[in-house]
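All of the numbers you see were taken from the coordinates with simple rules; none came from a lab. As the structure is a prediction and not an experimental result, all values here were calculated from the model. For neighbour counting, all protein chains shown are included, and Cβ atoms are generated from backbone atoms with ideal geometry for every residue, glycine included.
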Amino acid sequence: MPVKESQSNELGNVPSVQVLAILKELQTMLATLVETGDENYVDIHGMPLLPGEIQSLKQILGTGEVEATIAALGPTHVTETSIPGIWWVTHRNASDEIISEFIEVTDLPEILKTQHHDLHEAPEKFQQRLNEINLGA
């Protein structure tokens with residue numbers, strides 16, 4: 001009986017049906033972002049994906065030029081993929097366990113933007129800093 005070789009492409013084996021469905025959904029979301037500016041996301045943590053499928057998605061999407069880590073209740077890691085407008089966002093708790101994971105389709109993930117309440121406090125905070133080094137007015 002002949003052994004059928006698994007199909008492969010330049011990235012490795014052919015992705016699972018689940019991975020292909022997510023990629024198709026991301027393609028649609030990206031087109032919508034370009035056409036209307038509407039942002040969207042895929043909740044990876046809430047899906048029944050196998051570890052190999054998550055790795056397959058990461059490999060296919062690649063890594064772009066921007067990576068950021070936000071220190072909040074637990075670390076959040078944001079990575080631009082090699083596809084502009086598609087970002088991988090992983091939130092962890094204080095024990096470093098993944099508590100949520102998203103692929104966001106957006107110009108810039110919301111978590112990287114300055115929060116409005118922080119921005120309103122910024123002038124006073126900056127003035128205090130200047131006063132500390134005797135540059136305040």
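Okay, residues lined up against (1) assigned to a helix (DSSP H, G or I); (2) at positive phi; (3) surrounded by 14 or more Cβ atoms within 10 Å (Cβ to Cβ); (4) more than 17 Å from the chain's Cα centre (by Cα):
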| position | (1), (2), (3), (4) |
| --- | --- |
| Leu33 | yes, no, yes, no |
| Ile103 | no, no, yes, no |
| Asp107 | no, no, no, no |
| His117 | yes, no, no, yes |
| Glu121 | yes, no, no, yes |
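Step by step: first the residues of the stretch 71-95, then only those that are in a loop (DSSP other than H, G, I, E, B) and polar (S, T, N, Q), then the one that is farthest from Val42 (Cα to Cα). Which residue is that? Top of the filtered list is Ser95.
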